[in-house]
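Inspection log for the structure reproduced underneath, given as structure tokens.
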Amino acid sequence: MLASGGRLFLRESFHTTQNVVLEVPDVTRAPGHRVAAPGAIPGGISATWHVRGTSDAAALTSRLAAILHDILEDLQTEPGGEMIARVPMAVWLKALLVHSASWGLAGEKLAAVLRTSDNARQFKEYITRLLGYGSVRPDWVQECTSTRATALGGGTLAVDQAHIHRFPLPPSLSGRGGQKRLVVTLATLTPVNTGHQAWRRADVWFHPDASRPPKSRDPLTKLRLDRDEADARSAQRGTVQHVVLTVTRATAFIDGDDIEIQVSCRADAGTLEEEVPYALAVTLEVAREIGIDIYQEIKARIHARVQVAQGT
């Protein structure tokens, strides 16, 4: 994933060469991120510099992780919040940081410049190598809105086990056209086999819809969604699976219908003897012009299920 490293300007070298040489000047003037800095007056606390680089991106990402940590702690007091304590906080933070990522404008610009008829079929994999899962969006993952609802699920899995998570569909959305976007992110921590090329002892992944055959990785059926952004195969190389699905056409369903997401675990690099923690984040977002408060509908149905589960 990507985070802001600050804008910079390039300066053309004055040395005479056949090719144009551009340099990045080491200056503390704008542009860039404005940060606190030592001042000219001893004891002064108002001086600032402008800096840029990967250290800036790392600091901003760490800050977002700290904010998400506090949010997760607060959520533990909500109905069903005890689930959060069962999964290491690092797994939740990894899932939510990636969950906020999107190609956005960068994906559109790169597609306009780099996409050709020759690379069209492999283009998503090509762009994934440049952008990863995209740029983090702090506001998008820190809170829900009336048109965007995020649900969390998690637990631990032993080898050849699976959990099914059900995300309720808001009934008011049935039969409505307009942009709909479903983002599903799964993160895990796996034991490592340093003597194996595959290195992951555990392969943890989700099926887009548990109602489809286990070997199927097709888009979800109930909303008839299409894959967007990152290459679907990228999850096979790491410990995060991040899928973006979109649709604009109207689809019909009834109150009580769910999106079912099956999280499965299997041994990969050698034997797997311990349980593996995982965190799952699911966000449904609709265009504001659709005019539906999906958050309240989804929240009410999730809380009703939590109350039933706690009662039994």
Restricting attention to region 44-73, and to residues there that are free of Cβ contacts under 8 Å to residues at least 40 places away in the same chain and open to solvent by less than 50 Å² (accessible area, probe 1.4 Å), which single residue is farthest from the chain's Cα centre (by Cα)? G44
Does V183 qualify as being under 14 Å from the mean Cα position of the chain (by Cα), assigned to a helix (DSSP H, G or I) and at pLDDT 90 or above? no
Starting from residues that are among the charged types (D, E, K, R) and touching a residue at least 12 places away in the same chain (Cβ under 8 Å), keep the ones in region 81-105 and report whichever is farthest from K299 (Cα to Cα). K94
What's the number of the condition L152 fails, among (1) open to solvent by less than 20 Å² (accessible area, probe 1.4 Å); (2) in contact (Cβ under 8 Å) with a residue 24 or more places away in the chain? (1)
Please indicate, with yes or no, whether at least one residue in region 246-260 is in contact with a helix residue (DSSP H, G or I) (Cβ under 8 Å, 6 or more places away or on another chain), open to solvent by 10 Å² or more (accessible area, probe 1.4 Å) and aliphatic (A, V, I, L, M). yes
Among the residues of region 21-44, are any among the small types (G, A, S), in a strand (DSSP E or B) and under 30 Å from R137 (Cβ atoms)? yes
Of all residues in region 91-113, count the ones that are of a type in the set (A, V, I, L, M, F, W, C) and open to solvent by 60 Å² or more (accessible area, probe 1.4 Å). 3
So which of V159, V113, V136 ends up being under 20 Å from V183 (Cβ atoms) and either aliphatic (A, V, I, L, M) or free of Cβ contacts under 8 Å to residues at least 24 places away in the same chain (or both)? V136
Search result, residues across region 17-43 that are under 13 Å from G53 (Cα atoms), without any contact (Cβ under 8 Å) to a residue 24 or more places away in the chain and touching a Leu at 6+ places or on another chain (Cβ under 8 Å): V24
What single numbered condition from (1) surrounded by 14 or more Cβ atoms within 10 Å (Cβ to Cβ); (2) under 27 Å from S264 (Cβ atoms) fails to hold for Q76? (1)
Return only the number of the condition from (1) surrounded by 14 or more Cβ atoms within 10 Å (Cβ to Cβ); (2) modelled with pLDDT of 90 or more that E274 does not satisfy. (1)
Look through region 114-129, keep the residues that are open to solvent by less than 40 Å² (accessible area, probe 1.4 Å) and among the aliphatic types (A, V, I, L, M), and return whichever of them is modelled with the highest pLDDT. I127
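Considering only region 32-43, I want to know if a residue exists there that is of a type outside the set (V, I, T), in contact with a Gly (Cβ under 8 Å, 6 or more places away or on another chain), under 26 Å from A101 (Cα atoms) and at pLDDT 90 or above.
Yes, because at least one residue in region 32-43 is of a type outside the set (V, I, T), in contact with a Gly (Cβ under 8 Å, 6 or more places away or on another chain), under 26 Å from A101 (Cα atoms) and at pLDDT 90 or above.
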All-but-one check, P171 against (1) in contact with a strand residue (DSSP E or B) (Cβ under 7 Å, 6 or more places away or on another chain); (2) modelled with pLDDT under 90; (3) of a type outside the set (S, T, N, Q), failing number (1)
All but one of (1) over 27 Å from A65 (Cα atoms); (2) buried (at least 16 other Cβ atoms within 10 Å of the Cβ); (3) polar (S, T, N, Q) hold for Q179; state the number of the condition that does not hold. (2)
Quick one: is R7 of a type outside the set (A, V, I, L, M, F, W, C) and closer than 30 Å to I127 by Cβ? yes
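The values are calculated or read from the model by the stated rules, or taken from the named source; none is laboratory data. Small disclaimer: the values here were computed from a predicted structure and weren't measured. Virtual Cβ from ideal backbone geometry, glycine too; neighbours counted across all protein chains shown. We work out accessible area using only protein heavy atoms, side chains counted, and drop any ligands, DNA or RNA first. Shrake-Rupley method; radii C 1.70, N 1.55, O 1.52, S 1.80 Å.
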